[in-house]
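Enquirer: I'd like to ask some things about the structure below.
The values are calculated or read from the model by the stated rules, or taken from the named source; none is laboratory data. Everything numeric here is computed off the predicted structure, so don't read it as measured data. Ideal geometry is used to build each Cβ from the backbone, glycine not excepted, and the neighbour counts take in all protein chains shown.
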Amino acid sequence: MTSTDPSLPPDTGVRPTRQRTAVIEALASVDDFRSARDLHELLESREAQVGLATVYRTLQLLAETGAVDVLRREDGEATYRRCSRHHHHHLVCRSCGATVEVEGPAVERWTERVSAEHGFVDVSHTLEVFGTCASCRGA
């Protein structure tokens, strides 16, 4: 899935309702992670008739199908973003929320080694690195 494709992955079996389509299109129109409330406000500004509970349910469904990435901010709030489908990590600005997808081969090797050392299989992981981007620090 690319950021220009606002549809659900075809293998999810999820019916694309008008409300779900509106949420997906709102996500496709932004580049950074957004909370359900942020997306609901965006939908309201577009005069889309989508309730906040529907936004939450749709985001949960999209996360379960792998159509979006979920990031827990440092304050614990879940935020969502349409990302590439391959495994990656995120570098996130604490100030403006700008997000960069990054590869982490060293992290992948470490995860495999530590998992094997402790006899773990079927291991998954997420990694988010928080900092301040060049724009926010005035560089």
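Enquirer: Would you kindly identify the helices (runs of 4 or more DSSP H) lying entirely within segment 33-139 that contain at least 3 residues that are among the aliphatic types (A, V, I, L, M)? Talk me through it step by step, then tell me what you get.
Expert: Working: elements: 36-45, 52-64, 105-117, 134-137.
Fully inside segment 33-139 and qualifying: 36-45, 52-64, 105-117.
Enquirer: Given the criteria farther than 22 Å from Cys96 by Cα, at pLDDT 90 or above, surrounded by 14 or more Cβ atoms within 10 Å (Cβ to Cβ) and within 17 Å of the chain's Cα centre (by Cα), does Gln60 qualify?
Expert: Criteria met by Gln60.
Enquirer: Any residue in segment 22-33 that is in contact with a strand residue (DSSP E or B) (Cβ under 8 Å, 6 or more places away or on another chain), among the acidic types (Asp, Glu) and either over 11 Å from Arg82 (Cα atoms) or modelled with pLDDT under 90 (or both)?
Expert: Yes, the conditions are met somewhere in segment 22-33.
Enquirer: With the structure loaded, tell me whether Leu43 is at negative phi, out of contact with any strand residue (DSSP E or B) (no Cβ under 9 Å at 6 or more places or on another chain) and either acidic (Asp, Glu) or outside the structural domain of Ser124 (by TED's automatic domain parsing) (or both) or whether it fails that test. Can you show your working first?
Expert: Details: at negative phi: yes; out of contact with any strand residue (DSSP E or B) (no Cβ under 9 Å at 6 or more places or on another chain): yes; either acidic (Asp, Glu) or outside the structural domain of Ser124 (by TED's automatic domain parsing) (or both): yes.
The answer is yes for Leu43.
To keep it simple, each residue is scored yes or no on (1) over 28 Å from Arg20 (Cβ atoms); (2) β-branched (Val, Ile, Thr); (3) modelled with pLDDT under 90.
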| site | (1), (2), (3) |
| --- | --- |
| Glu47 | no, no, no |
| Val55 | no, yes, no |
| Gly66 | no, no, yes |
| Arg94 | yes, no, yes |
| Gly97 | no, no, yes |
| Val102 | yes, yes, yes |
| His118 | yes, no, no |
| Val121 | yes, yes, no |
| Leu127 | yes, no, yes |
